[in-house]
1. Name the GluC sites (Glu not before Pro) in the range 4-92 that are in a loop by DSSP and that have at most 12 other C-beta atoms within 10 Å, would you?
2. With r as the distance between the Cβ atoms of LEU147 and ARG67 and R0 = 22 Å, compute the FRET efficiency 1/(1 + (r/R0)^6) and round to 0.05.
3. Got a sec? How would TRP293, TRP82, TRP151 order by Cβ neighbour count within 10 Å, fewest to most?
4. Which part of the range 85-106 falls in the paramagnetic zone of THR2, meaning amide N under 11 Å from the point 7 Å along Cα-to-beta-carbon?
5. For the chain, find the longest principal axis of its Cα atoms and tell me its angle to the long axis of helix 260-277, 0 to 90°, nearest 10.
6. Roughly how many Å is it from the Cα centre of the range 222-297 to that of the range 93-125, as a whole number?
7. What is the extension gain from ARG181 to ARG286, computed as 0.36 nm multiplied by their sequence separation minus the C-alpha to C-alpha distance, in nm to one decimal?
8. For SER131, put the label point 7 Å out on the Cα→Cβ axis and report which residues of the range 75-92 keep their amide N under 19 Å from it.
Amino acid sequence: MTHHSGFVCFVGRPNAGKSTLTNAIVGQKVAIASSKPQTTRHAIRGIVHRPDAELVIIDTPGLHKPRTLLGERLNDLVRTTWTEVDVIGICLPADQRIGPGDTYLVGEIAALKRRPKLVALATKSDLVSPSRMAEHLLKIASLEDELGLRWDDIVPVSALTGAQVEDVTNVLIKLLPEGPRYYPGDEVTDEPSETLIAELIREAVLEGVQDELPHSITVVIEEMKLREGRPEDRPLLDIFASMIVERDSQKGIVIGHKGERLRDVGTEARQQISRLLGTPVHLDLRVKVMKDWQRNPKYLNRLGF
């Protein structure tokens, strides 16, 4: 039996459903998802194993008009990823009209010298009526003549309900070249534990904060260690993490009145991290200010961007 393997990246405007779809296809959470734009800040890899195939999905940040050095670097990451994959899945949410931002994105991909195979994904299909979906699919098909490209497939999908997630997976695998296995069969992501934990903390703090804050928050894991003196059957993992913001006023928002917001973040993140690692966790959260870190190359380099 021939074995197919390769790399697929999901692209789209911010909040197009890329991370939610990645998690749905992989079958568990490997990328954080939020209603806040520009949630994804790394190229997160999720891995799907089948007897005859291995599909590696790269969830990239949303392509956007950058207002900071961080934004420019994230856009560069997206464009670099385009040149390294076998298939690009372009997420075009069905509950939104295809606008200039979508056309620009698809046009940029169409202009690549080495163009991967292209699949259009009409995400969030659960939010629209059949007639609206038909209209949306016709508009997606019309981009072929408008922008000079060819879709290898167009698939409606709802990551939230699971509708046609399996169809998307089958379409992507069908387009992969023959190749070997790249990862062990039980591995669903190659992200280090520290990165996944930092992302879960950031996801918790994103919920309920003001609109200008999400871009200003990042998380650093300072230290992780098993607490000494605990019985082997009752381990406890101590995690010390810092939430980085850009201004003192933002620090106050994250901490909240008498520390209430910070406690809520810690409770939610601790539950998610314990579920991920399968062990009880003690989470020590601090908030630090790095003035205008998104615009400072020294800070960006130190924070891994």
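Just so you know, all these numbers are worked out from the coordinates, no wet-lab data involved. The structure displayed is predicted, hence computed values, not measured ones. No Cβ is skipped: glycine too gets one built from the backbone with ideal geometry, and neighbour counts run over all protein chains shown.
1. Filter output for the range 4-92: GLU84.
2. FRET efficiency, ARG67 to LEU147: 0.25.
3. Ordered from fewest to most neighbouring Cβ atoms within 10 Å, TRP293, TRP82, TRP151 come out as TRP151, TRP82, TRP293.
4. Flagged as within label range: none.
5. Orientation of helix 260-277: about 60 degrees from the principal axis.
6. So the two Cα centres are separated by 37 Å.
7. Numbers: separation 105, 0.36 × 105 = 37.80 nm, distance 4.08 nm.
Stretched out fully, the ARG181 to ARG286 stretch lengthens by 33.7 nm.
8. Correct set: none at all.
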